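As structure tokens, the structure follows; a few thoughts come after it.
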Amino acid sequence: MKKTITKMSIYCSLFLMAAGAATAQTADTTTEFKPSGNLWGYTFGDLSYKGSTDNLNRGGSNQYTGMPANANTFQFRRIYLGYNYNISPKFSAEFLMAAEDDFSTNVQTPGTGNSITQALAGTTQGDVLANGKFAPYVKFANLRWKNIFKNSDLVIGQQATASYAKTGRNDQTAEEVWGYRSIERTISDIRRTPSFDMGASLQGWFDKKGNFGYMAMVSNGNQSKPATNSFKWIQADIYAKFLNKRLIIDLYQDYEKLAWGVYVPGTKQSVPGLNGPEYADRNMTKLFAAWNTNKLTVGTEVFQNTILSGIKVTGNDGQTYYRTQHTMAMSFYVRGRILSAPNGDPRLNYFARFDNYDPSGNLSTIASDANTKSFVSNTVSQYDASTKEQFVTFGFDYMPFKNVHIMPNVWMNTYNSSLPATGQSDASKPVAYSSMNPGVTGVKGTDAVYRLTFYYIYNPKQGTTKY
């Protein structure tokens, strides 16, 4: 009898446990989804002092180009205010307002007077209003359709482009691994390959853990501006992560038409001929590789950008020619931890980076051609074929709290001519390279800036890194 009662007690207990588990599971699976959102943002800026300047004002839209030596400024370089909203288990939205790239190229230096006229004379560039004040603009506004098919999301709207900021699928892009956008852009971003654009992308994983993934995107190529032509910028990015995501390899390719003339029978075309309509396009191949851990990160980024009709040539025969421009760039950086807080968060880090940029490619062949009288870059200032650049930055990152950074650092960019000023063409009547293009001077110049950079994150969105 006792055995029977004991068995019944055991069976009843097991039944009640199973019933409770089933009830709990039902409650979990039937829990109603509640839409939710997160307001987030960050800001960075500097107290800076310019120790030396390139007297030829090279560097394009660089924030320190044209700023005189001995100038000093307090300046924001970026202010973000974003909102992420989970509409349903399948849909989420992202919105971001940004105020950035506001700088003056004519900062007054000590001892030059302080009249109202002089104080208002600075030439302000970047994303600003007519009166020189910050001009916030819409940087992101997109809708994500999660798992539109297995392990892939569809994103429509203004969004981060392939290989830049976090996409929602790839949490270790080149910018994230470098970790110091508050110090400087990645090398391709410096050359103004857009980090965001209006379009549609497909982002996914080839495996369940996200070690192998891809992103494909079609967009306007105008960033936050409305489309001005029917050309589209096509991008593709694939990545692989090994050894628990410590080793990262990322390969990126894009293609974009810039100008595409209409063929007129009987005329000689600009490629390879002369005087016809201009045909121009651009394609970039980029490789990024890094070893990334909490205490030490070493990374490199290398790209080649080929620009059809990137160089405009005036011939001795009076005709106009368009030549292809080949550019190369390499970035190498290291960052690591010096001290940790008691809870394990980083307290003091270091970072250092070197970039080498050479936009000249086959420029010497073009300049040496017997028919070349003069040449100019037919592209934006970041791809001026006549100027090579070498960039160096290094510094320390002190974090009194994990989302607050105070970073003393050195920012230095050196410019030099792509061709020797004394070089000559191979024509029967040689022409000096310096007379072919005003940028071929043979003069070396450096913009050196010493900064105390501050960077803080408020109400960080999920997945924000400590850097």
List pairs: first residue in the range 357-377 and closer than 10 Å to residue 311 by Cβ, second residue among the charged types (D, E, K, R) and at pLDDT below 95 anywhere in the structure, Cβ distance under 6 angstrom, at least six positions apart or on different chains.
366/323; 376/312; 377/384
What's the number of the only condition in (1) touching a Ser or Thr at 6+ places or on another chain (Cβ under 6 Å); (2) open to solvent by less than 10 Å² (accessible area, probe 1.4 Å); (3) under 30 Å from residue 411 (Cα atoms) that residue 204 fails to meet?
(3)
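Let's see how each residue does on (1) within 25 Å of residue 411 (Cα to Cα); (2) among the polar types (S, T, N, Q):
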| position | (1), (2) |
| --- | --- |
| 310 | no, no |
| 324 | no, yes |
| 341 | no, no |
| 362 | no, yes |
| 369 | no, no |
| 376 | no, no |
| 380 | yes, no |
| 396 | yes, no |
Counted residues, the range 409-442 - those being loosely packed, with under 14 Cβ neighbours inside 10 Å and in contact with an Asp or Glu (Cβ under 9 Å, 6 or more places away or on another chain):
1
What pairs can you find where one residue is in the range 214-239 and under 17 Å from residue 288 (Cα atoms), the other is of a type in the set (A, V, I, L, M, F, W, C) and open to solvent by less than 40 Å² (accessible area, probe 1.4 Å), and their Cβ atoms are less than 7 Å apart, with a gap of 6+ or different chains?
215/162; 235/162; 235/217; 236/162; 237/162; 237/215; 239/248
Looking only at residues in the range 232-259 that are surrounded by fewer than 16 Cβ atoms within 10 Å (Cβ to Cβ) and among the aromatic types (Phe, Trp, Tyr), which one is nearest to residue 282 (Cα to Cα)?
255
Quick check on the range 118-131. Is at least one of its residues at pLDDT 85 or above and under 19 Å from the mean Cα position of the chain (by Cα)?
no
Any residue in the range 185-194 that is crowded, with 16+ Cβ neighbours inside 10 Å, at pLDDT below 95 and either within 27 Å of residue 148 (Cα to Cα) or in contact with a Pro (Cβ under 7 Å, 6 or more places away or on another chain) (or both)?
yes
Taking the range 339-392 as the search range and keeping residues that are part of a helix (DSSP H, G or I) and more than 30 Å from the chain's Cα centre (by Cα), which one is farthest from residue 329 (Cα to Cα)?
368
Among the residues of the range 144-185, write down those that are within 17 Å of residue 223 (Cα to Cα) and in contact with a Phe, Trp or Tyr (Cβ under 7 Å, 6 or more places away or on another chain).
158, 159, 160, 161, 162, 163
Residue under question is residue 380, and the condition is that it be within 19 Å of residue 189 (Cβ to Cβ), at pLDDT 95 or above and open to solvent by 30 Å² or more (accessible area, probe 1.4 Å); does it hold?
no
Take the conditions touching a Leu at 6+ places or on another chain (Cβ under 6 Å) and not in a loop (DSSP other than H, G, I, E, B) and apply them to residue 324. Does it pass?
yes
Looking only at the range 301-321, how many residues end up being in a strand (DSSP E or B), open to solvent by 60 Å² or more (accessible area, probe 1.4 Å) and among the charged types (D, E, K, R)?
1
Name the single residue that is modelled with the lowest pLDDT among those in the range 444-461 being farther than 28 Å from residue 67 by Cβ and outside any strand (DSSP E or B).
461
Verdict on residue 58 being among the basic types (Lys, Arg), in contact with a Phe, Trp or Tyr (Cβ under 6 Å, 6 or more places away or on another chain) and more than 21 Å from residue 132 (Cα to Cα):
yes
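The values are calculated or read from the model by the stated rules, or taken from the named source; none is laboratory data. All of these numbers come straight from a predicted model, not from anything done at the bench. So basically every Cβ, Gly included, is an ideal-geometry build from the backbone, and we count neighbours across all protein chains shown. Accessible surface areas use protein heavy atoms only, side chains included; no ligands, DNA or RNA. Shrake-Rupley method; radii C 1.70, N 1.55, O 1.52, S 1.80 Å.
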